[in-house]
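*Asks:* Below: one structure in structure tokens.
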Amino acid sequence: MNSLPSLGSLFAVLLLTASCANAPTDWSQETEITKWPDGKNGAISITYDDGIINQLTIAKPIMDSLSLPATFFIITGKVEGSGKGKFIGRDPKAIIAETATIKTDSTNFFERASLIAFTGTTEAEEYHANVGSLFEAGKVAEAYKLLDEGYEKIRNGRMRDTNDVVFHNNPVDTTTWEQYKSYEKQGHEISSHTVTHPKLAVLDEVNMRYELEQSKADLAKFMGEDATFSAEGPYGTENERVMEYAHKIYPALRNRMPEDWLEEINRGSKVQPGKTQKEYVQWQRGALSTTGIDQMKAWTDTVNAHDNIWLVLVIHGVEDYGWEPLKREELKQYFGDVKENEDAVWVATFGDVTKYLRERKATTISSELDENEIRITLSSDLDASVYDIPVTLKTYLPEGWKGVNLVQDGRNSPLEVMSDTKGSYVRYSIASTKTQVQLARMKGN
């Protein structure tokens, strides 16, 4: 026959149960940084290449009226006061003379391709660009042959200035560093598109480094270190040799971001972003004169239909100036559509999205429950002076918690309690520099 427990043993069981209930509990799996800020579905970064004046006098005011930020990848050599384009190396006359008797090959190609754009004519600049296009397309022999043709013209005085408008180096683009600084203060990102917009893949090391490093140095000098985070190698190059150098100089390149959790779909790809199995996909789309507003709006719809797409829109010309210009009315319609979707889509600069994603992936979170308080500790190896974008945390609550305050800097801020299939939770944003935060259960809740 089973005997009933004594009053003493019952008291011991109750005491142990109460002690366990009040003991700190590990909640490390119950707090996460959300995939996008404020629980949004995806992100859009609107970027401009070349620092063309109409981008700043027509497109930017439209975006300003809607409080939408942009990233401007500018050619720093066009801005007064900054380092100008130049050839670094041996005596150009000696190099040109050698082309009369020595054909271009792998031993002299990069030196000659670096020099030709600085021999004094716009036609020579075109030769540099066309040689670079052939080389990046894998047509190396054709690139050598075209370079020889160009130098033959130079030696015989037949290389001329063309009548073509060169957007990469045009006197119409007169934006000053003071103006760029004011645009940054308005929330826009000003970033590097090199000194002269060359074909980086066909430059020798010293000239490639100059294009990348001098541009960064001028941005640091006139804009501050924040402007040295992002860059775009001209012509959207993905050349491996260029990427090796550029990634040592700039933390983020629109050309390529080699993260194992990020899939990149470049402007020319027809791959659909919704088919990726990776946590994030950077989906670049180039808006051309023939794209059409319906197609541009469909890109936003695609972002909304998934939870992992970062749309990076690339714009060049605006109205009647620049390569493949978009009309003012098209921009008004498109930016208005983006604004209408802002509740579901995070619109941010290229640099800010990059920082948020890296902060999320690099941050370790541990949480501890102590009676009516959850203490959350965050740690990361990232440089907090650079990676400074606030992160959004989502914390699941113990059963029965119906009211919660965020305790921060001596202030209590009430949070909305929400729920999903996993349970009740709160969502809140904190500075990325924060290493600890507390959630306090409201009395009576």
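*Asks:* Picking from Glu244, Glu184, Glu178, which residue would you name as being surrounded by fewer than 22 Cβ atoms within 10 Å (Cβ to Cβ), part of a helix (DSSP H, G or I) and touching a strand residue (DSSP E or B) at 6+ places or on another chain (Cβ under 6 Å)?
*Replies:* When all the criteria are applied, what remains is Glu184.
*Asks:* Looking at Leu66, Leu134, which is the one that is closer than 26 Å to Thr354 by Cα and among the hydrophobic types (A, V, I, L, M, F, W, C)?
*Replies:* On the way: Leu134 fails: closer than 26 Å to Thr354 by Cα.
One residue alone meets the criteria, Leu66.
*Asks:* So if I check each of Glu342, Glu329, which one is under 30 Å from Ser67 (Cα atoms) and assigned to a loop (DSSP other than H, G, I, E, B)?
*Replies:* Working: Glu329 fails: assigned to a loop (DSSP other than H, G, I, E, B).
Checking each option against the conditions leaves just Glu342.
*Asks:* Any idea how many residues of region 151-169 are in contact with a strand residue (DSSP E or B) (Cβ under 9 Å, 6 or more places away or on another chain), closer than 15 Å to Gln55 by Cβ and of a type outside the set (Phe, Trp, Tyr)?
*Replies:* First pass over region 151-169, keeping only residues in contact with a strand residue (DSSP E or B) (Cβ under 9 Å, 6 or more places away or on another chain): 165, 167.
Next cut, closer than 15 Å to Gln55 by Cβ only: 167.
When the remaining residues are screened for being of a type outside the set (Phe, Trp, Tyr), the result is none.
Count: 0.
*Asks:* If I go through region 211-241 residue by residue, how many of them are of a type in the set (Ser, Thr, Tyr) and open to solvent by 30 Å² or more (accessible area, probe 1.4 Å)? Before you say what the answer is, go through the steps one by one.
*Replies:* Taking region 211-241 and keeping what is of a type in the set (Ser, Thr, Tyr), we get 215, 228, 230, 235, 237.
Remaining after also requiring open to solvent by 30 Å² or more (accessible area, probe 1.4 Å): 235.
Number satisfying all stated conditions: 1.
*Asks:* Can you confirm whether Asp381 is out of contact with any strand residue (DSSP E or B) (no Cβ under 8 Å at 6 or more places or on another chain), within 30 Å of Gln408 (Cβ to Cβ) and open to solvent by 40 Å² or more (accessible area, probe 1.4 Å)? Walk me through how you get there before you give the answer.
*Replies:* Numbers: out of contact with any strand residue (DSSP E or B) (no Cβ under 8 Å at 6 or more places or on another chain): yes; within 30 Å of Gln408 (Cβ to Cβ): yes; open to solvent by 40 Å² or more (accessible area, probe 1.4 Å): yes.
Yes: the conditions hold for Asp381.
*Asks:* With the condition kept exactly as written, say whether any residue in region 347-359 is farther than 19 Å from Ser67 by Cβ, among the hydrophobic types (A, V, I, L, M, F, W, C) and in contact with a Phe, Trp or Tyr (Cβ under 8 Å, 6 or more places away or on another chain). Please lay out each step first, then the result.
*Replies:* Kept after step one, since they are farther than 19 Å from Ser67 by Cβ, are these residues of region 347-359: 354-355, 357-359.
Now narrow it down to the ones that are among the hydrophobic types (A, V, I, L, M, F, W, C): 357.
From what is left, the residues that are in contact with a Phe, Trp or Tyr (Cβ under 8 Å, 6 or more places away or on another chain) are 357.
For region 347-359, residues farther than 19 Å from Ser67 by Cβ, among the hydrophobic types (A, V, I, L, M, F, W, C) and in contact with a Phe, Trp or Tyr (Cβ under 8 Å, 6 or more places away or on another chain): present.
*Asks:* Return the total of residues in region 421-432 being open to solvent by 40 Å² or more (accessible area, probe 1.4 Å), in contact with a Phe, Trp or Tyr (Cβ under 9 Å, 6 or more places away or on another chain) and within 25 Å of Leu357 (Cβ to Cβ). Let's see the steps before the verdict.
*Replies:* Residues of region 421-432 open to solvent by 40 Å² or more (accessible area, probe 1.4 Å): 421-422, 424, 427, 429, 431.
Within this subset, residues satisfying the condition of being in contact with a Phe, Trp or Tyr (Cβ under 9 Å, 6 or more places away or on another chain) are 422, 424.
Of the ones still in play, those that are also within 25 Å of Leu357 (Cβ to Cβ) are 422.
Counting residues in region 421-432 that are open to solvent by 40 Å² or more (accessible area, probe 1.4 Å), in contact with a Phe, Trp or Tyr (Cβ under 9 Å, 6 or more places away or on another chain) and within 25 Å of Leu357 (Cβ to Cβ) gives 1.
*Asks:* Anything in region 210-232 that is of a type in the set (S, T, N, Q) and out of contact with any Pro (no Cβ under 9 Å at 6 or more places or on another chain)? List them, or say none. Show your work before the answer.
*Replies:* As a first pass, look at region 210-232 and keep what is of a type in the set (S, T, N, Q): 214-215, 228, 230.
Passing the criteria: Gln214, Ser215.
*Asks:* Within region 385-406, does at least one residue satisfy the condition of being open to solvent by 60 Å² or more (accessible area, probe 1.4 Å), free of Cβ contacts under 8 Å to residues at least 40 places away in the same chain, assigned to a loop (DSSP other than H, G, I, E, B) and among the polar types (S, T, N, Q)?
*Replies:* Step one: filter region 385-406 for residues open to solvent by 60 Å² or more (accessible area, probe 1.4 Å), giving 385, 388, 390, 399, 402.
With free of Cβ contacts under 8 Å to residues at least 40 places away in the same chain added as a condition, the list becomes 385, 399.
Next, only the ones that are assigned to a loop (DSSP other than H, G, I, E, B) stay: 385, 399.
With among the polar types (S, T, N, Q) added as a condition, the list becomes 385.
Looking through region 385-406, at least one residue is open to solvent by 60 Å² or more (accessible area, probe 1.4 Å), free of Cβ contacts under 8 Å to residues at least 40 places away in the same chain, assigned to a loop (DSSP other than H, G, I, E, B) and among the polar types (S, T, N, Q).
*Asks:* Can you give me the number of residues within region 63-98 that are at positive phi, within 21 Å of the chain's Cα centre (by Cα) and not hydroxyl-bearing (Ser, Thr, Tyr)?
*Replies:* Going residue by residue through region 63-98, those that are at positive phi are 67, 81, 89.
Then keep just the ones that are within 21 Å of the chain's Cα centre (by Cα); that gives 67.
If we keep only those that are not hydroxyl-bearing (Ser, Thr, Tyr) too, we end up with none.
Total meeting the criteria: 0.
The values are calculated or read from the model by the stated rules, or taken from the named source; none is laboratory data. Quick caveat: nothing in here was measured; it's all calculated off a predicted structure. When we count neighbours, we look across all protein chains shown, and the Cβ atoms used for this are built from the backbone with ideal geometry, even at glycine. Each accessible area value is taken on the protein alone, full model and side chains, heavy atoms only, with ligands, DNA and RNA left out. Shrake-Rupley method; radii C 1.70, N 1.55, O 1.52, S 1.80 Å.
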